[in-house]
2 protein chains.
Amino acid sequence: MSKNPLKEIGEFGLIEQIQTWFGETVGDLEAIGDDCTVIPRGNQSMELITTDLLIEGTHFLFEKIKPEDLGYKSLAVNLSDIAAMGGRPKSVWVSIGLTNRADLRWLELFFQSMHQLAHEHNVRLMGGDTTKSQQHMVINIMVQGEATPDQVKYRSSARPGDVVFVTAPLGDSGGGLQLLLDDRKDQAGHNEKKLIRSHNRPYPFVNEGIWLGNQTAVHALIDLSDGISSDAGHVANRSGVIIDIELADLPISNALIEASTKHGWDAVNLASSAGEDYVLLGTCDPSSWQSMKKSYSETFHSDMYAVGHVRDRTKNQNRAGSKTAGLTTGGQLQFLKDGKPVDYESHGFDHFRSQTGKA
Amino acid sequence: MSKNPLKEIGEFGLIEQIQTWFGETVGDLEAIGDDCTVIPRGNQSMELITTDLLIEGTHFLFEKIKPEDLGYKSLAVNLSDIAAMGGRPKSVWVSIGLTNRADLRWLELFFQSMHQLAHEHNVRLMGGDTTKSQQHMVINIMVQGEATPDQVKYRSSARPGDVVFVTAPLGDSGGGLQLLLDDRKDQAGHNEKKLIRSHNRPYPFVNEGIWLGNQTAVHALIDLSDGISSDAGHVANRSGVIIDIELADLPISNALIEASTKHGWDAVNLASSAGEDYVLLGTCDPSSWQSMKKSYSETFHSDMYAVGHVRDRTKNQNRAGSKTAGLTTGGQLQFLKDGKPVDYESHGFDHFRSQTGKA
């Protein structure tokens, strides 16, 4: 058996262990278990900070991803973390460990692509670190954002009765990854290219996140980085509620349906378990759902989709906590098929147990 | 010739290049060229942010450094960056990419040691990222600190006439590194152990930095991470001044003198060119120097040392800028031997051109 602590106790186990080792000098739990650290700045401003460490061979394959895609995606996934708190991204720090394989042209494409996305959202490059790496390229991105206390949305705020919604169809990124792993990129048709693009250049719901932050009817918010089975589970756990997700209600794009038919994939399986869509998932007061959905549609010319409901866990027999014990108040995700609970095996992407393909 | 951009154009060349690629979305230059990014928060508070990416094989050798030393040093060098701005460190984010060689016990020692140093300075762990790395361990540390606008000290603020001072003897860390590289650790005597400890556990001048931030007589401040020949050069360049450093005035510890005699090292060479002492170097109004030195000594039971002076570059023939063109307004470091300029070859540590030993 490997000694790797990530295999032994998992990511959340390790995070808890680190908190124990740090003892009294750890910030509050909210800060560590959510998408961002939240730091109050005076009465009317909250600072949001998120950081992601991306390592070649674990999160991306140097030969498989274009520098312009990697530059875009590295920033996009961090902007998504700010969006998932209802905040506005402001500043970025980029640290990079360079191997001999990344030449100046590679870096130019990487940074210019990142710059385009940053510019689109008025995010400024504020610093970072550049150094050499012997074997594998390393990228560390830190994004700082801001919100008012009312705008900040936590994973832990879902309330019984809430509608659970997502901001886009699910599974496209998973389909794109499958095409890349199967080396089908070169013969990809129009819709398959869309899936690959979803994987390589996930759209960060930045303006949508700010908009959702301003809706008092929205209670909890998270971005789907590891897949809905994993991430909606975090919301359920942290909020101490049951979240019922109806599989038939998961939105699936025409592109994914077409590719699934062609390649014999289970589209619902991809939509419910594949990661890296970076779509926002939220919970919302049911009385406001229809009007909010309409208003969102008018604002963004794009739909939100109801995929389930939140209910009180005291009405359910199963009160067992999960492996994320210290970060949870209990709670659970339940998939439904035509209204009936199903045992749906979780395939939520866990980057500690897989090797490649995640950025 | 290697394609590595760090070899082609160097660290500062690359940083400038990245700024060009980012165009108008780069924060101000001050933010990128100093020890920390400085962000105004309202009228009376400045936020300071520093981040360091440490990669096994480039910055440390896994088999050569104890986890407790690596945990300590990773944080210490970032606390030193906050101190070098005259600020107070508040929060830390730790991201770690783990190989199979780091087991739970290794991590426990790493984080507990980091915690002790954090606790000492009331710095809180606020978040980070944990992930897997295939080949080399990766550590990214981000430290956030604060200061009032008056307390923040920049590299660019040295003034002609200023006394140049350092807060401790120089070269101990370089001596310790030499002992480690020569595999002399096991037979090291008391003083040699002190040198090795200086290298593995550099003392971050946190309280001293806060104190210096409060002295209006202190104009520029920096920490000596790459060695005085390199770092005092940054102050000269950014301030557009000449800095004269008298080699005979460089403070050298008894431990380094003893080890240099024993091993045939040139102690002055180590003190003037070796990196990683993380001693603070500042410039100070000459009329306040004696009283400040006395007050510092009474406060910290430790000495400051005058090592040189700042003069106007217009009085010097040589007005050439350095390779760090875009980050400089011109200026230069000049070593003196008994008051006479000497051509002293710069050996300031450049982690892009060397392989190992730096954390």
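Taken together, the values in this text are just the output of simple stated rules run on the coordinates, not laboratory data. Keep in mind that what you see is a predicted model, and the values were worked out from it rather than measured. A quick note on method: Cβ atoms are made from the backbone with ideal geometry, for glycine too, and the neighbour counts reach across all protein chains shown.
Points worth noting:
- Taken along the Cα-to-beta-carbon direction at a fixed 7 Å, the label points for A:Lys64 and B:Gln290 span 7.0 nm.
- Three-way shape label, region A:133-199, alpha-carbon gyration tensor, a/c 1.5: oblate
- Per-selection Kirkwood Rh - region B:155-341 (Cα, Å, 1 d.p.): 16.9
- Two-decimal Rg/Rh across the protein assembly as shown, once Rg and the Kirkwood Rh are taken from alpha-carbon atoms: 1.00
- Reduced Cα scattering model of region A:130-258, Debye log10 I(q)/I(0), q = 0.10, 0.20 Å⁻¹: -0.45, -1.20
- Potential lengthening between B:Arg41 and B:Asp150 on full extension [0.36 nm per residue; Cα-Cα distance subtracted]: 37.9 nm
- Under 5 Å from the amide H of A:Asp129 lie the amide H atoms of A:Val94, A:Ser95, A:Ile96, each residue being 5 or more positions distant or on a separate chain, with H modelled from the backbone and absent for Pro and chain starts.
- Charge dipole (Cα centre; +1 on Lys/Arg Cβ, -1 on Asp/Glu Cβ; no other charges) of the protein assembly as shown amounts to roughly 160 debye.
- From the alpha carbon centroid of region B:35-112 to that of region A:184-238 is 31 Å.
- Per-residue shielding of A:85-92, expressed as the average number of other chain Cβ atoms within 10 Å of the residue Cβ, stands at 1.
- Label zone of B:Asn214 (point 7 Å out along Cα→Cβ, amide N under 19 Å): in region B:147-172 this covers B:147-154, B:167.
- Contact order for region A:34-147, expressed relative to its length and based on alpha carbon pairs under 8 Å spaced 6+ residues apart, stands at 42 percent.
- Label reach from A:Glu8 (point 7 Å along Cα→C-beta): in region B:78-113, amide nitrogens under 16 Å belong to B:98-112.
- For chain B, calculated [θ]222 nm from helices alone, where every DSSP H run of n ≥ 4 adds -39500 (n - 2.57): -11000 deg cm²/dmol
- FRET efficiency, 1/(1 + (r/R0)^6) with R0 60 Å, evaluated for A:Asn207 and B:Gln116 via beta carbons: 0.85
- With all projection directions averaged, the alpha carbon convex hull of region A:34-147 covers 7.1 nm².
- Here's the picture: a label point sits 7 Å out from the Cα of B:Lys337 along the beta-carbon direction, and within region B:219-240 nothing has its amide nitrogen under 13 Å of it.
- Sites B:Ala248 and B:Asp186, calculated FRET efficiency, Cβ-Cβ separation with R0 30 Å, nearest 0.05: 0.30
- Prolate/oblate/rounded call for chain A, Cα gyration tensor, a/c under 1.5 rounded: rounded
- Given chain B, longest segment not containing exposed loop GluC sites (Glu not before Pro) (DSSP; at most 13 other Cβ within 10 Å): B:64-344
- Scalar couplings 3J(HN,Hα) for region A:265-279, obtained by applying the Karplus form with A = 6.51, B = -1.76, C = 1.60 to θ = phi - 60°, are 7, 8, 4, 5, 5, 4, 5, 8, 10, 6, x, 6, 6, 6, 7 Hz; x denotes Gly and Pro.
- Short-range pairs are left out: with C-alpha atoms under 8 Å and at least six residues apart, the relative contact order of chain A is 23 percent.
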